[in-house]
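Here's the structure, in structure tokens; my notes come after.
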């Protein structure tokens, strides 16, 4: 069981200790190396998805909502999305090099084809949603192994648009 | 039955149909209730359970899938008003609000149109007719001139004379050019000749015996607009300015009143120019005259918006005048009952537009479920929104989720209040620009009030990216939340819920629907 914050690739493992309705981290690793566990004590604030968080002697609230493996957390005035990895290790191999639609929309223009090599940041396609056009960029360099849609297709959020191998 | 305040009205009404959706429909429907008027909402299929339908006493369904069949369907909307006995229509902003033909159709159906005369919408809606009328009326427009350049003649003489009148820096364009071809910026007189020749080369076909257009180039300009109110008896006041310079790709993000960039003298001059502009089209109702404020303090007419604006609340907070209530009064044919010297300016108000977008992902619009939606509250905090917890955010409509408006005695206090209110705004399940707004308003340039309309587009991302998260702390807190059994109800698939599934009083249970 590992955690990561947003798209950051660092993986964290945490050991928790529990007592009197309170939970704290007793040890933590970041990408396999031991790091000092943050000094936070967390307790259920009783209602509405709210937690009481004591951090270095300061008290504050955190609000938490879960969508599948995604954990949305509002704390210290900022919102974060954490990912929970049940299996640990790197995520499922299939999803590693695939690019999911960041929003539902229509593919206006397709700029790559299968077999083509792309560099990081290269525009792959133009997606239209909410009357705005958005360019989908290659997250990293590699070869386009699969293009799953054609120009004019409507895609849902999360649909795998293209797959890119190392 | 007409409410008491309408006594003596030549065009009384008692039931208002709001031809809009989202936050502005909610805003207008609430104002109607406060004014003793019955309110009718409209809704398309996807809005069946939206907030604006909930706050209305009555709602009429518009059939169809596209906007043309629903919120843009003038015929169906007027028919809906007839059916439910509404005798007035408020268009809100967007949709049909600036369609002159809709205004005419409403009036010829014998209904009260809560908006300006169709002719005013028409004139101001056309950039060229508006510019011509403003020049005739003496409202400053961005200086520009057309010069006919005859083949073989000495162009430079005529060009230099016009350039001197327009002023530097200027933009030189071939009228027949386009797409940036033959368009050159000229910063000083001595480079006029070389830039003209370069432009001529670039657009050789266009410059032969064509026409050259020169216009003053406004760099580092601010967007300052004046709210005006006019009645049908010739009464007209302005309600001071709003500064909307903080924009992203011409989309307003933060608006405030008063503007940190103008003094009382400019305010009065701009206000007078706005009233002149409104009177030139015999304006009636609430409207906004937009100006570009150059770095040297000169201002120029940009356009007039013939409707209520998204950012109208900052004016309401600082003047204490309810603009929608005033729209009702004016539409009923009553006098404004307000003199210019009675318009006050109290403290400072700032509005932040909360959008469903992902600033860390190129500002792509985001969708999802507002699984947790806790807008801030407190003294001097106002939230106008058409959303509530549990609502779906789809790509069908505008991505604006809410407007957060704060009011405080000074600009510094208002910025602090806005920052705290933004940090207390809990919106989970849909990515929003809330954190980005905090980063933007904490930027030194915003504090100093020196930003121009290019600020967000030109500032390096590092300056707007915000602090790096304390990942270890986040992981510790979230893992603890998981251990404590929080957030277990929003199952990703909507299927199996693990052993921590919520107790009967768990609010997530009631929220749990088909979360994708």
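Structure notes:
- Any hit, segment B:277-285, residues being more than 21 Å from residue B:99 (Cβ to Cβ), crowded, with 21+ Cβ neighbours inside 10 Å and modelled with pLDDT of 95 or more: no
- All conditions but one from (1) within 20 Å of the chain's Cα centre (by Cα); (2) within 8 Å of chain A (Cβ to nearest Cβ) apply to residue B:404; the one that does not is (2).
- Sole exception among (1) at the interface with chain A (Cβ under 10 Å from one of its Cβ atoms); (2) part of a helix (DSSP H, G or I); (3) modelled with pLDDT of 95 or more; (4) buried (at least 21 other Cβ atoms within 10 Å of the Cβ) for residue B:440, by number: (1)
- Some residue of segment B:342-349 being under 30 Å from residue B:15 (Cα atoms) and either within 14 Å of chain A (Cβ to nearest Cβ) or touching a helix residue (DSSP H, G or I) at 6+ places or on another chain (Cβ under 7 Å) (or both): yes
- Residue, farthest from residue B:382 (Cα to Cα), within segment B:443-473, restricted to residues that are in a loop (DSSP other than H, G, I, E, B) and within 22 Å of the chain's Cα centre (by Cα): B:454
- Failed item, numbered, when residue B:196 is tested on (1) modelled with pLDDT under 85; (2) assigned to a strand (DSSP E or B); (3) in contact with a helix residue (DSSP H, G or I) (Cβ under 9 Å, 6 or more places away or on another chain): (2)
- Qualifying strands (runs of 3 or more DSSP E) (wholly inside segment B:1-106; at least 3 residues being surrounded by fewer than 23 Cβ atoms within 10 Å (Cβ to Cβ), touching a strand residue (DSSP E or B) at 6+ places or on another chain (Cβ under 6 Å) and at pLDDT below 95): none
- Filter result for the condition that a residue is at positive phi, within 14 Å of chain A (Cβ to nearest Cβ) and at pLDDT 95 or above, over B:466, B:429: B:429
- Given (1) surrounded by 12 or more Cβ atoms within 10 Å (Cβ to Cβ); (2) more than 7 Å from every other protein chain (Cβ to nearest Cβ); (3) modelled with pLDDT under 85, number of the condition residue A:92 does not satisfy: (1)
- Residues of segment B:255-268 that turn out to be touching a residue at least 24 places away in the same chain (Cβ under 8 Å) and under 17 Å from residue B:347 (Cα atoms), as a count: 9
- Residue within segment A:19-26 that is buried (at least 22 other Cβ atoms within 10 Å of the Cβ) and either touching a residue at least 40 places away in the same chain (Cβ under 8 Å) or over 14 Å from residue B:485 (Cα atoms) (or both) present: yes
- Wholly enclosed strands (runs of 3 or more DSSP E) of segment A:97-166 bearing at least 2 residues over 19 Å from residue B:364 (Cβ atoms): A:142-147, A:160-165
- Single match in B:369, B:306 (criterion: more than 17 Å from the chain's Cα centre (by Cα) and either buried (at least 19 other Cβ atoms within 10 Å of the Cβ) or touching a residue at least 24 places away in the same chain (Cβ under 8 Å) (or both)): B:369
- Residue that is surrounded by the most Cβ atoms within 10 Å (Cβ to Cβ) [pool: residues in segment A:137-156 that are within 14 Å of another protein chain (Cβ to nearest Cβ) and farther than 10 Å from residue A:107 by Cα]: A:138
- Of all residues assigned to segment A:57-78, at least one qualifies as being at the interface with chain B (Cβ under 7 Å from one of its Cβ atoms), out of contact with any strand residue (DSSP E or B) (no Cβ under 7 Å at 6 or more places or on another chain) and part of a loop (DSSP other than H, G, I, E, B).
- The one condition from (1) at negative phi; (2) surrounded by fewer than 18 Cβ atoms within 10 Å (Cβ to Cβ); (3) out of contact with any helix residue (DSSP H, G or I) (no Cβ under 7 Å at 6 or more places or on another chain); (4) more than 7 Å from chain A (Cβ to nearest Cβ) that residue B:483 does not meet is (4).
- The lone exception for residue B:420 - which of (1) at pLDDT 90 or above; (2) buried (at least 18 other Cβ atoms within 10 Å of the Cβ) it fails: (2)
- Which numbered condition residue B:146 misses (of (1) outside any helix (DSSP H, G or I); (2) under 22 Å from the mean Cα position of the chain (by Cα); (3) at pLDDT below 95): (2)
- In this structure, residue B:353 does satisfy being closer than 30 Å to residue A:100 by Cβ and either assigned by TED's automatic domain parsing to the domain that holds residue B:428 or not in a helix (DSSP H, G or I) (or both).
- Filtered residues of segment A:1-38 (kept if in a strand (DSSP E or B), within 8 Å of chain B (Cβ to nearest Cβ) and within 23 Å of the chain's Cα centre (by Cα)): A:3, A:5, A:12, A:14, A:16, A:25, A:28, A:30, A:35
The values are calculated or read from the model by the stated rules, or taken from the named source; none is laboratory data. These figures come from a predicted structure and were not determined experimentally. Backbone-built Cβ (ideal geometry, glycine too); neighbour counts: all protein chains shown.
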